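Values quoted throughout were computed directly from the atomic coordinates according to the rules given, and no laboratory measurement underlies them. Model, not experiment: these values are computed from the prediction. Counting neighbours? That spans all protein chains shown, and the Cβs are built from the backbone with ideal geometry, glycine included.
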Amino acid sequence: MEFATSIPTLDNDGSFGVYVARPEGAPKAAIVVIQEIFGVNAGIRDKCDLLARDGYLAVAPDLFFRFSPGIELDPDVEEEMQQALDYFGKFDFDQAVKDLEATVHWIRREQGVPKVGCVGYCAGGRLAYMMATRTDVDASVGYYGVMIDQMLNESHAIAKPLMLHVPTADGFVSPEAQKAMHEGLDDHPRVTLHDYQGLDHGFATQFGNRRDEEGAQLADKRTAEFFAKHLA
């Protein structure tokens, strides 16, 4: 993937590529689209394009740029899935939040769009949660976020609305982890969790074998309504 635009890191020690999808007119708000472990692939770019069609400035940063810039992987190809899992092991989530924060700053300062939300998938779902606890992003949505149960001690810092989509048969998020998420977050006034009975990790992917059409449409409808309420 060749990126037309790049953004300086928060520490100004480098820059990373971003995929940018722009709406027809002035954007009603901006949404940062946070990749899975497969890079800014066709599915992530398609999600950006759909958000732009809905009136948002959509920006997907290349969070793997430190070790594999521009990589695109297909989860339905076994070798590429293994490569993605290897990248997951190398991935620094704390650093990635800073890169996402740099993206938010770029949107507000350089693009002149003050209201910024984020939506993330898988590893990006965990990052959406971390964006809600560590940054001033205006609204966050996480799909099948991994390891959120290990970060519930940060939930007190959530000051803006957060929605999490939780498939109950997620192969990467155990029933115990899901139970901990509900126990830790159900009473939080700014957090909404939605369970999807019997669905697995990746059910809302744009393309490929993991997609569940009915579940994806329901989750995406809820996400659209959430952003319309909190960003527009």
inquiry  = Is there a quick way to get the dipole size of the range 1-130? I mean about its Cα centre, with the Cβ of Lys and Arg at +1 and of Asp and Glu at -1; what is the value in debye to the nearest 20?
reply    = 780
query = In nanometres, what is the gap between the two model label sites at PHE207 and PHE93, each 7 Å from Cα along Cα-to-Cβ?
reply = 2.9
task = Would you indicate which of (i) 36; (ii) 7; (iii) 14 is the value of percent of Cα pairs over 34 Å apart derived from the coordinates of this structure?
result = (ii)
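Please compute the length gained on full extension between VAL77 and LEU10, using 0.36 nm multiplied by the number of residues separating them and subtracting their Cα-Cα distance. The partial results should precede the final answer.
Working: separation 67, 0.36 × 67 = 24.12 nm, distance 3.43 nm.
Stretched out fully, the VAL77 to LEU10 stretch lengthens by 20.7 nm.
Could you work out the relative contact order of the range 5-231? I mean the mean sequence separation of Cα pairs under 8 Å and 6+ apart, divided by the number of residues, in percent. Please list the in-between numbers first.
Working: 471 pairs, mean separation 36.9, N = 227.
The normalised contact order for the range 5-231 reaches 16 percent.
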task = Within 10 Å, count the other beta carbons around each residue, average over each peptide in 197-203, 139-145, 56-62, 177-183, and list them highest first.
result = 139-145, 56-62, 197-203, 177-183
key: Sequence ranges 112-125, 4-17, ranked by mean other-Cβ count within 10 angstrom, highest first   = 112-125, 4-17
note = Listed by chain and number, the residues whose amide H is under 5 Å from that of ILE31, excluding neighbours fewer than 5 places away on the same chain and using placed H, are LEU57, ALA58, VAL59, GLY117
ask   = Tell me, what is the FRET efficiency for GLU154 and SER174 to the nearest 0.05, using R0 = 22 angstrom and their Cβ-Cβ distance as r?
value = 0.65
request  = Could you tell me what percent of the DSSP beta bridges with both partners in the range 5-231 are antiparallel, to the nearest 5?
outcome  = 25
query = What FRET efficiency would be calculated for the residue pair MET1, ASP195, taking the C-beta separation as r and a Förster radius of 35 Å, to the nearest 0.05?
reply = 0.55
